[in-house]
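The next block holds one structure in the form of structure tokens; read it before the comments.
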Amino acid sequence: MKKAIFYCFGIFSLALIISACTKEENKPKTEAPIKKTSISSEDKARTVVRRIWFDNGNPNGQSDIDYGCRDIGGSCVQEVVLTPLLRADIRGIGLVILHGSQIDVIGEFTRKKEILTPLVGYDNVEGVIHGSFITEIRGLDGECMFMIFKNKKNSKIIAVYPMM
């Protein structure tokens, strides 16, 4: 009789273990939560209204007459307002873009990554550093300066950042 009780208890325990495992397998599997990146209202404002970049190619041209951003539906983001100290840093980067080689520009973007990323975005900075984007400057000494990011393969404009 004791043998039968142990036998029944063993079968019951085995059935309980198997059913517990089966229940785990039948439960709907939940995926790991997706990490959401918060977008600041400033970032949203930059991407919501994009204007069209125009440039007539005049090397001595004036902002808003010969080049700039107007209308709606293009690659220009909202203006980036620079503090005097930040303007000096951006002007230095602009000088490298104007007069340096592509290797110089990559080096400058690598060194100034922390300054540039909040202004022009991580993807644009990394694109220049990794060589998939090229960048140009227009209006370096004017009231408004434009930093232009282009695809290196086809020269298509990715984004234009007016900086005041």
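The values are calculated or read from the model by the stated rules, or taken from the named source; none is laboratory data. Keep in mind that this is a model prediction, so the values were computed, not measured. We place every Cβ from the backbone using ideal geometry, glycine too, and count neighbours over all the protein chains shown.
Just wondering, is there one or more residues in the stretch 90-112 that are modelled with pLDDT of 85 or more, closer than 15 Å to Ala159 by Cβ, within 15 Å of the chain's Cα centre (by Cα) and not in a loop (DSSP other than H, G, I, E, B)?
yes
Please count how many residues of the stretch 56-70 are in a strand (DSSP E or B) and surrounded by fewer than 15 Cβ atoms within 10 Å (Cβ to Cβ).
Result for the stretch 56-70: 1.
Residue under question is Gly127, and the condition is that it be surrounded by fewer than 21 Cβ atoms within 10 Å (Cβ to Cβ) and within 19 Å of the chain's Cα centre (by Cα); does it hold?
no
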